[in-house]
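The values are calculated or read from the model by the stated rules, or taken from the named source; none is laboratory data. Since this is a predicted model, take the numbers as computed values, not measurements. As a convention, Cβ positions derive from the backbone with ideal geometry for all residues, glycine included, and neighbour counts pool all protein chains shown. Accessible surface areas use protein heavy atoms only, side chains included; no ligands, DNA or RNA. Shrake-Rupley method; radii C 1.70, N 1.55, O 1.52, S 1.80 Å.
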Amino acid sequence: MLLTTGQAAEELGCATTTFRRLISAGLLPGLSRRGVRVMVPLDVVQALQVRRQAPLSQLQAREIAVLRVDAARPTDEPERSWLGFAASLPPDDLLKALRGWWRCDAASAAAGGVLPVTLSGYVVAVLTGLERWEKNSEGRHAFPDARLAGYVTDLATPHTPITSGLDSDRRLAELLLGTRLPSHSGGAIAYVTTHTTVG
């Protein structure tokens, strides 16, 4: 059975534009077209419905930053070609597209030790290595030493290539990738409490 994007969004309780971001980012398998309409298999929507919440209580920090992005689009910035997330981007391009420049409290983001990247409320990439940051003339921050621990290429299954050789990065990627992580912010960076008490 196939659903329209509107029907799929309704099943997931989100706006159609929010659901379309997942399509634009290349995260959903089995799509087909009927004229101008994109059709989505029901089992893909059902897989998204039962995706578990991110187990934030397993993280060490009391609060983490969450980077909320849109589907990747080209940029003419000198050090990168893309801004945002797309499942088809090579890991190097993806890291450059995600590690800056954002308005944020860089020290708070670094203190969390991990930066989950969400698109439409699902964790699609995980960045670590946030200890050092830079600030530009517009007051935006970047994390030049950030590592891409892993990312999602298929959100329904989910299929999650792990791109870091460090055990700690691998654990964080396996814990968070493909999970649901709702967050609220007026900008790209949100802050989420993990409900962990640090002794």
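Just a few scattered comments:
- For Asp169, the test of being in a loop (DSSP other than H, G, I, E, B) and touching a Gly at 6+ places or on another chain (Cβ under 9 Å) is failed.
- Residue in region 170-184 that is under 17 Å from Arg52 (Cβ atoms) and without any contact (Cβ under 8 Å) to a residue 12 or more places away in the chain present: yes
- Test: residue in region 156-179 that is touching an Asp or Glu at 6+ places or on another chain (Cβ under 8 Å) and open to solvent by 60 Å² or more (accessible area, probe 1.4 Å): no
- The set of residues from region 99-152 being among the polar types (S, T, N, Q), part of a strand (DSSP E or B) and touching a helix residue (DSSP H, G or I) at 6+ places or on another chain (Cβ under 6 Å) comprises just one member, Thr128.
- Restricting region 117-155 to residues that are out of contact with any strand residue (DSSP E or B) (no Cβ under 8 Å at 6 or more places or on another chain) and closer than 29 Å to Thr16 by Cα, the residue that is surrounded by the fewest Cβ atoms within 10 Å (Cβ to Cβ) is Asp154.
- Test: residue in region 67-79 that is out of contact with any Asp or Glu (no Cβ under 9 Å at 6 or more places or on another chain) and of a type in the set (S, T, N, Q): yes
- For region 82-104, the set of residues classified as over 13 Å from the mean Cα position of the chain (by Cα), touching a residue at least 40 places away in the same chain (Cβ under 8 Å) and open to solvent by 10 Å² or more (accessible area, probe 1.4 Å) consists of Ser88, Pro91, Trp101, Trp102, Arg103, Cys104, listed by residue number.
- Among the residues making up region 25-35, a single one is buried (at least 18 other Cβ atoms within 10 Å of the Cβ) and out of contact with any Leu (no Cβ under 7 Å at 6 or more places or on another chain): Gly26.
- Qualifying position, being at pLDDT below 95 and charged (D, E, K, R), among Glu138, Glu134: Glu138
- Unique residue being touching a residue at least 24 places away in the same chain (Cβ under 8 Å) and open to solvent by less than 20 Å² (accessible area, probe 1.4 Å) when the list is Val38, Val114: Val114
- Residue, surrounded by the most Cβ atoms within 10 Å (Cβ to Cβ), within region 1-22, restricted to residues that are in contact with a strand residue (DSSP E or B) (Cβ under 6 Å, 6 or more places away or on another chain) and not hydroxyl-bearing (Ser, Thr, Tyr): Ala8
- Taken over region 1-40, the criterion of being of a type in the set (Gly, Ala, Ser) and assigned to a helix (DSSP H, G or I) is satisfied by Gly6, Ala8, Ala9, Ser24.
- Tally of residues being open to solvent by less than 40 Å² (accessible area, probe 1.4 Å) and modelled with pLDDT of 95 or more across region 180-191: 3
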